[in-house]
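Working notes, structure below.
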Amino acid sequence: MCWRLAAVLVLLLGPGITWSDPPRSIGPERCSKCHEAAHTDWATHLHAKSWHRLKEADRKRPQCLTCHAPDRQNRQAGVHCETCHGPGSAYAPSHIMRDPNLRGYLGLLPQSLATCQRCHVGGHSPKLKPLNLVELWRKLHHKGTKSPAVTPAPTPAPTPAPAPSP
Ligand code: HEC
Ligand code: HEC
Ligand code: HEC
Ligand code: HEC
């Protein structure tokens, strides 16, 4: 009887506690312990407020939250560090952060205009301004961080659909 119970527990809990769990969000406060300048800059940016700025009635609408609060399940109200940089539970320890290969392997995402295009799409522009992603990118650059602002590489053209098989 006991081993059956144990087997059931392993089945139920096992997958939840293995080391191969996908990385989780740990929240901007954790990142700020080592990236204070980036955090200070982000905290004053519209991304940090993109949920609070919605009208009360829109704050629960899934069709708004996908972009205005994509990480609600982890109690994050806006577009935060890990929305762009990837969930950080695995890459945040400092010895991993210092290793460019390891941090990428453990989930730190490379940045390109494609990151922005997940949300900054032509169809949704309440201000009716033409969308200029490169200009937005320059505005986003975290002030006070050590790297100079870099101009992002142009987005590669979409891969053509594979030819239908005969
Ligand atoms: C324990 C300290 C620590 C924590 C916590 C931490 N980082 Fe880092 N991070 C570092 C160090 C150290 C580097 C390496 C700096 C270098 O290579 O000069 C780094 C580098 C980076 C880089 C730069 C990579 C590049 O291309 O130059 C990004 C982006 C980054 N961290 C994002 C994050 C995010 C997002 C979080 C929170 C999920 C986070 N970090 C949490 C210490 C930390
Ligand atoms: C595909 C992603 C996406 C979705 C879905 C989305 N938004 Fe937005 N929203 C954005 C982006 C990106 C901006 C910033 C636009 C800019 O300033 O260039 C924005 C800006 C806004 C603003 C500020 C506009 C201003 O003029 O200051 C409001 C309000 C807003 N959205 C409401 C909503 C509501 C309500 C919904 C749901 C019905 C919604 N959005 C769904 C991406 C999205
Ligand atoms: C909207 C997407 C987005 C958000 C949100 C965001 N970042 Fe970044 N981050 C970028 C991009 C893009 C770059 C590289 C381009 C640049 O800095 O000009 C970058 C660069 C960085 C770097 C490397 C710059 C350096 O030289 O040190 C660090 C560290 C970093 N981000 C940490 C953070 C932290 C911490 C947060 C949250 C407090 C955060 N980022 C929020 C998109 C984002
Ligand atoms: C998960 C969705 C999401 C992603 C990914 C994202 N953004 Fe945003 N961004 C928003 C929303 C939503 C707003 C509007 C917030 C508001 O007005 O309340 C916004 C606002 C901005 C603004 C301020 C608006 C303005 O006209 O000044 C800048 C700049 C910006 N984003 C740049 C970027 C850049 C650059 C990237 C990619 C590195 C990026 N964003 C990625 C959702 C996103």
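For region 101-134, a residue qualifies if it is part of a helix (DSSP H, G or I) and either modelled with pLDDT of 95 or more or more than 18 Å from the chain's Cα centre (by Cα) (or both), and the qualifying residues are Asn101, Leu102, Arg103, Gly104, Tyr105, Val134. Checked against (1) outside any loop (DSSP other than H, G, I, E, B); (2) crowded, with 16+ Cβ neighbours inside 10 Å, His95 meets all criteria but (2).
Give region 23-35 a look and list any residue that's in contact (Cβ under 8 Å) with a residue 60 or more places away in the chain and part of a helix (DSSP H, G or I), or say none.
Of everything in region 23-35, those that are in contact (Cβ under 8 Å) with a residue 60 or more places away in the chain and part of a helix (DSSP H, G or I) turn out to be Arg30, Cys31.
The sole residue among Thr66, Thr83 that is modelled with pLDDT under 95, under 13 Å from the mean Cα position of the chain (by Cα), closer than 25 Å to Leu106 by Cα and assigned to a helix (DSSP H, G or I) is Thr66.
The values are calculated or read from the model by the stated rules, or taken from the named source; none is laboratory data. If you're wondering where the values come from, they're calculated on a predicted model, not measured in any experiment. Every residue, glycine as well, gets a Cβ built from its backbone with ideal geometry; the counts of neighbours run over all protein chains shown.
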